[in-house]
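All remarks here apply to the structure that follows.
The values are calculated or read from the model by the stated rules, or taken from the named source; none is laboratory data. If you're wondering where the values come from, they're calculated on a predicted model, not measured in any experiment. Here the Cβ is made from the backbone with ideal geometry for all residues, glycine too, and neighbour counts use every protein chain on show. Please note that ligands, DNA and RNA were not included when accessible areas were found on the heavy atoms of the full protein model with its side chains. Shrake-Rupley method; radii C 1.70, N 1.55, O 1.52, S 1.80 Å.
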Amino acid sequence: MWCYMALFVQRGPLLVLLIQPCRTGESQEFRRRTSCQISVRNPGILPSLEDLLFYTVAEGQDTIPAHKFLTALKGTGLLTGDPRLKECMDTLKETLKESADGVTLDRHLFKKCVQSNIVLLTQAFRKKFVIPDFLPFTSHIDELYESAGKLTGGQVADYIPQLAKFSPDLWGVSLCTVDGQRHTVGDTKVPFCLQSCVKPLKYAVAVHDHGTEYVHSFIGKEPSGLRFNKLFLNEDDQPHNPMVNAGAIVCTSLIKVNKYWGAGRGVSCLFNHERILFDRFQSERESGDRNFAIGYYLKEKKCFPEGTDMTSVLDFYFQLCSIEVTCESASVMAATLANGGICPITGERVLSPEAVRNTLSLMHSCGMYDFSGQFAFHVGLPAKSGVAGGILLVVPNVMGIMCWSPPLDKLGNSVRGIQFCTVHLVELFNFHNYDNLRHFAKKYDPRREGGDQRVKSVINLLFAAYTGDVSALRRFALSSVDMEQRDYDSRTALHVAAAEGHIEVVRFLLEACKVNPAPRDRYVLKPLQVNVFVN
Ligand code: GLU
């Protein structure tokens, strides 16, 4: 720990601690995991995935303006700054220099740009992410944000002078899904301290390092029913849980400092590539009398592992409270918890599933100060609140959310954050843990596909051909649907499109999908003959 502390003192408040090398392109592991869902096409006979992606984005045009591609990408929830798309974006920048007008891509140039990230891009445009219709979902989030933003009231915490400086008007919400789709609204780039939102994180790291049994030989698992900073232990003379100060201080003493909190990897993955700054440590320490009192009490009661230097543990505790994040960066951390310990935008396993499961359980029962029971009742999701006004919220298997607004209610939770979670979010979406019980009134489930149903049968394919819906056909083709499927009359999509006179569909099927131009139906008719016959 001292080696870490020395590093901190040397570099001062701008210590950029948690940065890891960016991943470029798609790793073999990522391709292996996703390739089973995408059939390999035989180049030269069938169109490649790159071709199909071109047709999907170009929507019938011969070229794609770069901004159109980027807008379409944003619609899937992927950011251009996503480290998984680095190669694509770098190539795009270079390629535009080669293009005639500097802004438009023909098919050849487009394919060159997307080829290194084709698996991820195909997943995105096939609507295979957890929130398939991302834009409608985010406009709901924006409405909820606006509505909670109208609330006034609450007090900005001032017991730590640095916290008192924040404007009560600040309000931001960022989310990151388990597939790395991201959305952000409001003051999401303003740095603030994690404060108690770091508690679940350090507990998760402790369990990841030592296992459940060891960690809980020092700390309990019960809600305390008391203020978070009470000088109080349970019947076994242990802190009640890791989400109150006494438990978090003991937990801090269990963390292997060099591995996780020294310069390097580990927890850095939780925060991904965002800059994590350490600041406000002094302010925190100078106003930390209560925590010193708790520290001495814990020491007296022999709550720490043998040989622990309590004062250095406290220093480390203050530093962890002072980690500065933004809503954007912290939402990736929450998403890593939602994703069972794997960072969605690097694909790296950061925490063991055991550590994540424990953490979410304790966030659920003890994460929201003396509002924890009510929060579990109304919202039914694991969350952790901090005195700087942050609420780290996890929708398991779906997304992580960070809400931040400094004014706090009487129990120490962000007024707007609570409104956003308790009133708005779970009223609209079926995210509460028990929303999906049988016979329960249905709420909006953004995990389901809306207008773009998956093709489960030839009927969907033929219906798209019948209505002339080329964009649906493009998506089916991109999803490796067999475009030559036949119905009970042995009719193909080409038969139907020809019969209906949908020239654009016929052209797409012949030119892009390269389907057989002359399949025979049950009456031995080819598409051209069906067209003549019908018309
Ligand atoms: N710095 C705070 C303390 O230990 C953390 C408080 C909080 O966010 O709950 O007092």
Revision key, fill the gap. With 0.36 nm assigned to each residue of separation and the Cα-Cα distance removed, GLU504 to LEU437 gains 19.6 nm
Study note, to complete from the structure: Between LEU408 and residues 5 or more places away or on another chain, the pairs with built amide H atoms under 5 Å apart involve GLN155, VAL156, ALA157, VAL415
Point to revise | Residue-wise HN-Hα coupling along the range 401-406, computed from phi with Karplus coefficients 6.51, -1.76, 1.60 (Hz; x: Gly, Pro) | key: 10, 10, 9, 8, 7, x
**Study point:** Per-pair calculated FRET efficiency, R0 = 35 Å: GLU427 and ILE459 via Cβ, rounded to 0.05
**Key:** 0.45
Practice item. Determine the alpha carbon to alpha carbon distance for each of LYS302/LYS384; LYS199/LYS302; LYS127/LYS189; LYS112/LYS514 and list only those over 32 Å. Key: none
Exercise for review: Please report, in Å, the Rg and the Dmax of the range 48-197, where both are computed over Cα atoms only.
Suggested key: 19.9, 62
Exercise for review: Just grab the label-to-label distance for ASP236 and ASP482, each label 7 Å out from Cα along the Cβ direction, in nm (one decimal).
Suggested key: 6.0 nm
Point to revise | Exposure of ASP187 as accessible area (Å², to 10), given a probe of 1.4 Å and all protein chains | key: 50 Å²
Review point. By the gyration tensor of its Cα atoms, with a ≥ b ≥ c the square roots of the eigenvalues, what is the shape of the range 279-388: rounded for a/c under 1.5, prolate for a/b over b/c, or oblate?
Key: prolate
Revision key, fill the gap. The Rg/Rh figure for the range 134-203, Cα atoms and Kirkwood Rh, to two decimals is 1.02
Study note, to complete from the structure: Total charge of the residues flanking TYR317 in space, meaning their Cβ is under 13 Å from its Cβ, with Lys and Arg +1 and Asp and Glu -1, is +1
Review point. Gain in length, LEU70 to GLU511, computed as 0.36 nm per residue apart minus the alpha-carbon separation, to one decimal in nm?
Key: 156.2 nm
Point to revise | Computed E for LYS256/GLN61 - FRET, C-beta separation, R0 60 angstrom, nearest 0.05 | key: 0.60
Check your understanding: Between SER287 and LYS299, what is the spin-label point distance in nm, taking each point 7 Å from the Cα along the Cα→C-beta axis?
Key -> 2.4 nm
Point to revise | Contact order normalised by residue count of the range 40-136, Cα under 8 Å, 6+ apart, percent | key: 36 percent
